[in-house]
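> Let me begin by handing over the structure; questions about it come next.
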Amino acid sequence: MFENLQDRLGSILNGLTGRGALSEADVSAALREVRRALLEADVALDVVRSFTDRVREKAVGAEILKSIKPGQMVVKIVHDELIEMLGGEGVGVDLHAAAPVVIMMVGLQGSGKTTTSAKIAHRLSTREKKKVLMASLDTRRPAAQEQLRQLGAQANIDTLPIISGQSPTDIAARAVQAAKLGGHDVVILDTAGRTHIDEPLMVEMADIKKRSNPHEILLVADSLTGQDAVNLARSFDERVGITGLVLTRMDGDGRGGAALSMRAVTGKPIKLIGVGEKMSELEEFHPRRIADRILGMGDIVSLVERASENIDAEKAAAMAAKMAKGKFDLDDLADQLRQMQKMGGMGGIMGMMPGMAGMKDKMAAAGLDDKLFGRQIAIIQSMTKAERTNPDLLKHSRKKRIAAGSGTDAAAINKLLKMHRQMADMMKMMGGKGKGGMMKQMMGGLAGKMGLGGGMGGMGGGMPDLSNIDPRQLEALQKQAEAAGLGKPGGGMPGLGGLPGGLSGLGGAKLPGLGGGFPGLPGLPKKK
């Protein structure tokens, strides 16, 4: 979503950080470029103007600390103002009310209200352990009520039985009553939408609000609609009164202006963002983390959270035990590849790692896109169990059969085998004797830098049990990472050979720990 803006701001601010001193003219020139970049990203003009004015005021009069270069000070000011523009602190869905808490979903047709309603219900039931009832108030769109019923069945969420002929306000009243009788904690009302804002829609929303007395009114807006989404939020807020926003399709290739403008224009917090099609792909909106991603500082906290949701703790422990013995076969490699796909693929992970955001294009140019994982998994699946356990069996005739079965060629198979050999050799080194092995020491060092104590070495090099990490410790993680030099653009990650801002040399260096380690990345040139 923010890639273009990230590239533009990154190049502008990098031009400042290398200088020993900055004049007012330097700051003005840089802010002109920042202003242009934000306008091109579809951010509202008045928001851009107030943003650049605040940055200029602070940057020109900033008291530069001796240990910080003036350029770095400007980057910090831009970062702080970005966080402020996005809303300061993250605000979640408020459930502090007498049960059942009524959440009313509003928005235009096609914005993703029904799917988002199911995602929120799934999130509240799995994370908050709440008993949720969903009700569709959309009597106009064909099969809208049936769609919500099916989504409820998929996610194991209760839905209000459909009675034909009832008005939306009657359904709302029946849903609240059914939630009280059924002992539900939360009731989610999925209201009808229109292709555009009109008077009957607003009257209907006001009537539903009066009958159901919702604690939260969440506006669902498509982030790809740009400034129209901001106007939509303003209209709904004036007529119905919204308490927060949910932006869908944040994984798309839109310019991100809506997300950056909405809080500033409406004063309402963005509470949740949809980052994919799956039920689990709904995240809380954290202004600091989004600002970090935009400025290429990475987002370690979200990466750890995503890992905790997608990594199977039992598999991770089993993998760590195998690695401690120096064993690593092709089935293990396939597990690693699948795990990376679950965590958003190479692009998703790189976008969250400090100093790595700029590497995505270089990796794509080298053919290291997420399709590569699919091809490699297909190759492994085309092998017999014996071949996966003992790759030395793979001679020419077997490779020919595997290539035909996976739709690849011998060269792709040889690359995969070379990558596996490199990883297997590294696993043997890391499973070595003495002080728990090289992996444990390496992960212990990384954990220390990231403020996780010695926990990361506790599984023989695997990830710690992330479900037991104190949430406050997780929130402090990003700040500690920044203090350790991980959050600076171009800072690089420890354990990757201290490579500044890049992946060159990753032919041999990997980041173990996420359930046994990221797979190696073949084809990247080694550092000379």
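> Restricting the search to the stretch 93-106, which residues are touching a residue at least 40 places away in the same chain (Cβ under 8 Å) and open to solvent by 30 Å² or more (accessible area, probe 1.4 Å)?
If the condition is that a residue be touching a residue at least 40 places away in the same chain (Cβ under 8 Å) and open to solvent by 30 Å² or more (accessible area, probe 1.4 Å), then V93, D94, L95, A97, A99 are the ones that fit.
> Need a quick list: helices (runs of 4 or more DSSP H) entirely within the stretch 132-228 having at least 1 residues that are exposed (fewer than 15 other Cβ atoms within 10 Å of the Cβ) and under 34 Å from the mean Cα position of the chain (by Cα).
Of the helices (runs of 4 or more DSSP H) lying wholly inside the stretch 132-228, those with at least 1 residues that are exposed (fewer than 15 other Cβ atoms within 10 Å of the Cβ) and under 34 Å from the mean Cα position of the chain (by Cα) span 144-155.
> Here's a follow-up. Have a look at L133, L137, L39, L82 and point out the one that is without any contact (Cβ under 8 Å) to a residue 12 or more places away in the chain, in contact with a helix residue (DSSP H, G or I) (Cβ under 7 Å, 6 or more places away or on another chain) and not charged (D, E, K, R).
From the options L133, L137, L39, L82, the qualifying one is L39.
> Exactly one of these conditions fails for V74: (1) open to solvent by less than 20 Å² (accessible area, probe 1.4 Å); (2) in a loop (DSSP other than H, G, I, E, B). Give me its number.
Result: V74 fails condition (2) only.
> Could you please let me know if I162 is touching a residue at least 12 places away in the same chain (Cβ under 8 Å) and over 27 Å from L247 (Cβ atoms)?
yes
> Another question, then. Condition first: surrounded by fewer than 22 Cβ atoms within 10 Å (Cβ to Cβ) and in a helix (DSSP H, G or I). Now tell me which residues in the stretch 233-251 satisfy that.
R234, S235, D237, E238, R239
Condition check ((1) within 22 Å of K131 (Cα to Cα); (2) without any contact (Cβ under 8 Å) to a residue 12 or more places away in the chain) across all residues:
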position: Q166; (1), (2): no, no
position: A175; (1), (2): yes, no
position: L181; (1), (2): yes, yes
position: D185; (1), (2): yes, no
position: I188; (1), (2): yes, no
position: R194; (1), (2): no, no
position: M202; (1), (2): no, no
position: A206; (1), (2): no, no
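> Exactly one condition in (1) within 30 Å of S50 (Cα to Cα); (2) at pLDDT 95 or above is false for V176; which is it?
(1)
> Tell me which of these K129 doesn't satisfy, since it passes every other one: (1) more than 30 Å from D228 (Cα to Cα); (2) touching a strand residue (DSSP E or B) at 6+ places or on another chain (Cβ under 7 Å).
Every condition holds for K129 apart from (2).
> I'd like to verify a number: residues in the stretch 252-267 that are in contact (Cβ under 8 Å) with a residue 40 or more places away in the chain and either open to solvent by 40 Å² or more (accessible area, probe 1.4 Å) or touching an Asp or Glu at 6+ places or on another chain (Cβ under 6 Å) (or both), how many?
Residues meeting the conditions: 5.
> Across the stretch 9-67, what is the number of residues that are among the acidic types (D, E), within 16 Å of I77 (Cα to Cα) and modelled with pLDDT of 80 or more?
The number of residues fulfilling the criteria is 3.
> Tell me whether the stretch 359-372 contains one or more residues that are modelled with pLDDT of 65 or more and either open to solvent by less than 50 Å² (accessible area, probe 1.4 Å) or on the phi > 0 side of the Ramachandran plot (or both).
yes
> Right, next: Would you please name the residue that is nearest to L5 (Cα to Cα), looking only at residues in the stretch 252-276 that are within 14 Å of the chain's Cα centre (by Cα) and assigned to a loop (DSSP other than H, G, I, E, B)?
Among those residues, the one meeting the criterion is G252.
The values are calculated or read from the model by the stated rules, or taken from the named source; none is laboratory data. In this text the structure is predicted, and so the values were computed from the model without any measurement. All Cβ positions, even for glycine, are placed from backbone atoms using ideal geometry, and neighbour counts span all protein chains on display. All accessible areas refer to the heavy atoms of the entire protein, side chains included, with ligands and DNA or RNA removed. Shrake-Rupley method; radii C 1.70, N 1.55, O 1.52, S 1.80 Å.
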